[in-house]
1. May I ask you to rank 66, 103 by accessible area, largest first, using a 1.4 Å probe over the protein chains only?
2. Taking only the alpha-carbon atoms of segment 97-212, what semi-axes of the equivalent ellipsoid follow from 5 times the gyration tensor eigenvalues under a square root, in whole Å, largest first?
3. I need the phi-derived Karplus couplings for segment 114-121: 6.51 cos²θ - 1.76 cosθ + 1.60, θ = phi - 60°, integer Hz, Gly and Pro marked x.
4. Can you work out ³J(HN,Hα) from phi for every residue in segment 163-175, in order, using Karplus 6.51 cos²θ - 1.76 cosθ + 1.60 and θ = phi - 60°, giving whole Hz and x for Gly and Pro?
5. Sum up the charges of everything whose Cβ sits under 13 Å from the Cβ of residue 110, counting Lys and Arg as +1 and Asp and Glu as -1, but leave residue 110 out.
6. Can you count the Lys pairs in segment 72-212 whose Cα atoms are under 17 Å apart, with each pair 8 or more apart or on different chains?
7. Within the chain, what percent of beta bridges assigned by DSSP are antiparallel, to the nearest 5?
8. With viscosity set to 1.002 mPa s and temperature to 20 °C, compute the Stokes-Einstein D of the chain, Rh being the Kirkwood radius across alpha carbon pairs; µm²/s, no decimals.
Amino acid sequence: MNDKNLLMAHKIAERVTHSGGRVFYVGGYVRDFVMNRACKDIDIEVHGVEFPELVKILESLGQVQTMGASFEILNLRHYELDIALPYDINGGTYNAALRRDFTMNALMQDVLSGEILDYFGGLDDIANHVVRAVSKKTFELDPLRVFRAARFAATLNFTVDDDTMKLASCVKVDSLPCERVMNELCLSLIKSREPEKFFDAAQSEYWFREIK
């Protein structure tokens, strides 16, 4: 472990554990770790401590900065490491993973032990190259997930499973700013060897007509 961001994540996890909590790598970092892909974006989620305690822990390690419009994400100056509490701090790891978009992104890895929590079959879906929604209820929380599914299909050379395709076809995307959709498209064009998979998965003739 020679990356300074990973070293800092480990230090944070040690201090959080001392305070009775637990820290996990989450999101794309865990997915890419499982796939043996390099990932520059390191996100950690802190469970079992309140926000003031987390800030206190981080202040003992460096200069704390806030990110995002609602200041829900923290980091430390000179580090590329996003630090957050779960949406429901009392909901536990299952409910935290339930809010993720796809099973492969719902994996959580304990920073200290390396244990991977897989509540929704994300490891199998990665092995089978499948993009699968975690939950119908939570998928609809963010219409952009329709186009994120298409982007992952293109950039990872995966296939969106039938149930997720049907689910996506029912999501209203007309409220999405065009810029956010175009960002997903641009990422697909830049990072994929088969960008046409974005259009195949997004059923673009329908969805792009809905974007204003």
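1. On the way: 66 75, 103 5 Å².
If we order 66, 103 from most to least accessible, we get 66, 103.
2. In descending order the semi-axes read 24, 16, 13 Å.
3. x, 4, 9, 8, 10, 7, 10, x
4. 5, 5, 4, 5, 4, 5, 5, 9, 7, 6, 10, 5, 7
5. Values: positive: 22; negative: 14, 45, 115, 118.
Once positives and negatives cancel, what remains is -3.
6. Details: 136/166; 136/172; 137/166; 137/172; 166/197; 172/212.
The number of close lysine pairs in segment 72-212 is 6.
7. 75
8. Working: Rh = 18.1 Å.
Answer, rounded: 118 µm²/s.
The values are calculated or read from the model by the stated rules, or taken from the named source; none is laboratory data. Predicted, not measured: the structure shown is a model, and the values here were computed from it. Cβ atoms come from the backbone with ideal geometry, glycine included; neighbour counts cover every protein chain shown. All accessible areas refer to the heavy atoms of the entire protein, side chains included, with ligands and DNA or RNA removed. Shrake-Rupley method; radii C 1.70, N 1.55, O 1.52, S 1.80 Å.
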